[in-house]
Amino acid sequence: MINVSVLGASGYGGGELLRLLLFHKKVKVQQVTSRSFAGKRVTVIHPNLRGVTDLHFCTPSELTKCDLLFCALPNGESMHYMDKLMKLSHKIIDTGADFRLKDLHTFESWYGEKHVKSDLLGKFVYGIAELHRTEIKNAKYIACGGCEATVSILSLYPLVKKGLIDLNNIIIDGKMSSSQAGNKPTLSSHHAERSRVVRTYAPLGHRHTAEIEQELSFGNKKAFVSVTATSIEMVRGLLVTIHTKILDGVTEKNIWSAYREIYKNEPFIRIVNETEGIYRYPEPKILEGTNYCDIGFALDSKSKHLVVIGAIDNLGKGTAGQAVQAMNIMCGYPETTGLTFPGLHPV
Ligand SMILES: NC(=O)c1ccc[n+]([C@@H]2O[C@H](COP(=O)([O-])OP(=O)(O)OC[C@H]3O[C@@H](n4cnc5c(N)ncnc54)[C@H](OP(=O)(O)O)[C@@H]3O)[C@@H](O)[C@H]2O)c1
């Protein structure tokens, strides 16, 4: 049994972490922070936890030592806390972007700000278990992938690893939900502006481009991706439709084999390609609350055009589920502990 605390627990990612951790049989939740709601019951903000916990929020300065600390702050915040957090816990899992990128220049050019703890960039392991399980096992510090990056990386990884696609020709089209933006209100999240949108807010240059390229480049084989992000009418969930070209000689069988071989023992990856029913390709709606990443594809062999479709719950495999999976690996618990919820249907 370990004692864990969550910094930034009143947010959407922090709330989902809390939901998972409170039902995790190897974990006791010690403290949860919110500056705005300090002293108040967590159920004021997370009403789904009524009757499950009597925890109250505290301020970040009230945090005491614990076995593992989750950090779920907006991007650009955790680096300012890291010195203090490292004194409070030997294990830290950060869901934000501050320590995902290994290269300082890449971070500063994509995030447009100076990194105040750049000496720690190399000390964090990128949190996607399917790519970094062994490093996570021995890690003290984890930087979980961004949600759009996570689903894109998982959808493409076997194809890139096996050298099946043109690394200069990868176009990722993401359909985004409102919870991805966090719970701080802005003009674009205001109901009148957000409701019923199909709004492309980043035709090019989405920040997750950098981490996708980092994770899909191996040695001198560099991947270049182009990411488009469009907000749609969805509260949680994320779908990517990826357009790419297969290399000469590659067949549909090679693609199947790559996914099967690389993901055959992965508990949270499902290859979805049904010939019947209405859910024939991945669909975020039925992944709500789960830690699954569903992946499907369709190939036009004549034109060599390959479409890969990936879906996750942005707050599940895209954040909190990924973080709990990493915690399980770091602590030597069975990797699926606390993460086996299969989702709802209909929903
Ligand atoms: N939402 C998603 O789908 C998603 C997916 C993948 C990754 N992530 C990453 O996860 C992180 C959290 O995202 P989120 O959507 O959960 O954000 P959020 O809903 O805005 O929540 C942020 C939390 O951090 C606290 N906070 C904000 N500024 C703080 C500061 N300076 N010091 C201490 N606490 C502070 C907030 O509470 P108080 O202001 O009351 O203290 C709140 O509890 C982000 O870095 C994001 O990139 C999010």
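Each reported figure results from applying straightforward, stated rules to the coordinates on display, with no laboratory input. Fair warning: this is a prediction, and the values are worked out from it, not measured in the lab. Counting neighbours? That spans all protein chains shown, and the Cβs are built from the backbone with ideal geometry, glycine included.
Key figures for this structure:
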| item | result |
| --- | --- |
| Distance between segment 242-275 and segment 305-347 - C-alpha centres, whole angstrom | 19 |
| Highest-first arrangement of 20-27, 319-326, where packing means the average Cβ count within 10 Å | 319-326, 20-27 |
| Long-range amide H partners of Val125 with built H, under 5 Å | Tyr141, Ile142, Ala143 |
| Footprinting exposure proxy for His132, His80 (fewest neighbouring C-beta atoms within 10 Å first) | His80, His132 |
| If the convex hull is drawn through the Cα atoms of segment 148-312, its volume per residue in Å³ | 129 |
| Selected from Arg50, Arg19, Arg199 as most flexible by GNM, with the chain as the system and alpha-carbon contacts under 10 Å | Arg50 |
| Interchain or long-range residues, amide H under 5 Å from Val250's placed H | none |
| Entries in Lys102/Lys221; Lys184/Lys221; Lys184/Lys245; Lys40/Lys117; Lys137/Lys285 that, when Cα-Cα distance is taken, lie over 29 Å | Lys184/Lys221; Lys184/Lys245; Lys40/Lys117; Lys137/Lys285 |
| For the chain, built as a Gaussian network whose Cα springs stay under 10 Å, the top-fluctuating residue of Ser61, Ser34, Ser89 | Ser61 |
| The chain: calculated mean residue ellipticity at 222 nm from DSSP helix runs of at least 4, using -39500 (n - 2.57) | -7500 deg cm²/dmol |
| DSSP H segments from the chain that extend 20 Å or more along their own axis, Cα-based, with Kyte-Doolittle mean of 0.5 or above | 147-161 |
| Amide H within-cut-off set for Cys58, under 5 Å, with H built and near neighbours excluded | Val32, Thr33, Ser34, Gly39 |
| Projected label distance in nm at Asn75 and Asp119, using a 7 Å step from Cα toward the beta-carbon | 2.6 |
| GNM result for the chain, Cα springs below 10 Å: residue of Thr228, Thr134, Thr186 fluctuating most strongly | Thr186 |
| Percent antiparallel among DSSP beta bridges (both partners in segment 137-268, rounded to 5) | 65 |
| Likely footprinting exposure, Val42, Val198, Val32, fewest C-beta neighbours within 10 Å first | Val198, Val42, Val32 |
